[in-house]
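Okay, so here's the structure we're looking at.
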Amino acid sequence: MRDPLLEPAAIEAALAEIEGWELAPDGRSILRNFKFADFRAAFAFMTECALSAEKLDHHPEWSNVYSRVSVTLTTHDSGGLTERDLRLARLMDKAARARN
Ligand SMILES: C[C@H](O)[C@H](O)[C@H]1CNC2=NC(N)=NC(=O)C2=N1
């Protein structure tokens, strides 16, 4: 069973509440760039998020260059944004806050 897509109004409300994320131009994903002190901190963040993502069975599209981690969240199975993306975004924000 696919997760239901969020309505545009729900996406707007969520973006006002989760700090630092922006909506992709096509409206199907949210993006955030994280910055850490160094590669060690960035990779520790990714390790923590990877374990959380696996527990949620919801996985980020991301890339890392030294101290920066760029993240895109979308629900592939549903073809856009769902509550699962917001849940993972909040978890990633919390993990980043603990390292900044
Ligand atoms: C079978 C498995 O539950 C699905 O493929 C999950 C895994 N992780 C996922 N992650 C993301 N970001 N989107 C998905 O649709 C998705 N689907």
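Only the coordinates and a few stated rules stand behind these numbers; no lab work does. Every value quoted in this text rests on a predicted model; they were computed, and no experiment measured them. Using ideal geometry, Cβ is built from the backbone for each residue, glycine included, and neighbour counts are taken over all protein chains shown.
Below is a table of values for the structure above.
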read-out: Label-point separation in nm, Arg87 to Asp3, each point 7 Å along Cα→Cβ; value: 0.6
read-out: Crossing angle, helix 8-17 versus the chain [Cα axis fit, 0-90 degrees, rounded to tens]; value: 30
read-out: All-pairs alpha carbon distance profile, the chain, 5 Å steps from 0, percent; value: 2, 13, 26, 25, 18, 10, 4, 1, 0
read-out: In nm, spacing of pseudo-spin labels at Leu51 and Ser78 (7 Å Cα→C-beta vector); value: 2.7
read-out: Karplus 3J(HN,Hα) series, Hz, for the range 36-50 with 6.51 cos²θ - 1.76 cosθ + 1.60 (x for Gly, Pro); value: 10, 5, 6, 5, 4, 5, 4, 6, 4, 4, 5, 5, 4, 5, 4
read-out: Total formal charge among the other residues, if their Cβ is under 11 angstrom from that of Leu6, Lys/Arg +1 and Asp/Glu -1; value: -3
